[in-house]
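To keep things clear, I will list the structure first and then write my remarks on it.
Just so it is clear, none of the values below were taken in a lab; they were calculated from the coordinates. For clarity, every value in this text was computed on a predicted model and none was experimentally measured. Here the Cβ is made from the backbone with ideal geometry for all residues, glycine too, and neighbour counts use every protein chain on show.
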Amino acid sequence: MQQGMEPLRFGDSVLDAALPWGGLPQAALHEINGTAAAMGFTAALAGRLAGSKPILWCRSSRNETGSIYGPGLLPFGLDPEQVVFVETKKKQDLLWAMEEGLRSGQPALVIGEVEAV
C-alpha cells in the first residue's frame with residue numbers, strides 16, 4: 001500500500017476486519033470474481049471511489065452477462081453519466097483501452113472485465 005494513502009473502508013466491522021489493512025488499498029489493482037454479484041459489488045465500489053471524476057469500464061462485446069443497463073447502476077450509487085463504456089471484440093484491444101485509460105490519469109478508476117490474461 002502506498003505511503004500516506006488510507007485504505008478504502010466499507011464501514012462494516014466484519015468486512016473491514018477480514019481485509020488486510022482494514023479495507024482495500026487505494027491506487028492498487030484488485031480482482032473481483034463472480035458474475036452478477038461481482039458486477040453489483042464493483043459498481044457500488046466504483047460509485048464510492050469515483051467522486052466527480054469519470055470511470056472507464058472496459059469489457060468484451062462477447063460478455064456472457066450481456067450489456068450493462070446504465071440506469072441499473074443508480075441503486076449502487078453510480079451515476080451512469082460518469083461512466084465511459086468501452087466494448088471490444090478482441091482481448092488485446094480491451095487491455096489496450098484499460099492501459100490507455102490508466103496512462104491518461106483522467107478516470108477515477110478503470111474497470112476491466114477480462115476473461116483470462
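Values computed for the structure shown
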quantity: Debye, to nearest 20: dipole size of the chain, +1 on Lys, Arg Cβ, -1 on Asp, Glu Cβ; calculated: 160 debye
quantity: Residue 9/residue 108 FRET efficiency (R0 25 Å; Cβ-Cβ; nearest 0.05); calculated: 0.90
quantity: Whole-percent pair-distance distribution, where bins are 5 Å wide, for the alpha carbons of the chain; calculated: 2, 10, 20, 24, 21, 14, 7, 2, 0
quantity: Protection proxy ranking, peptides 81-89, 25-33, average beta carbon neighbours within 10 Å, highest first; calculated: 81-89, 25-33
quantity: Which of 102, 15 has the fewest Cβ neighbours within 10 Å, and the rest in rising order; calculated: 15, 102
quantity: Distance between modelled label sites at residue 18 and residue 100, nm, 7 Å Cα→Cβ extension; calculated: 3.8 nm
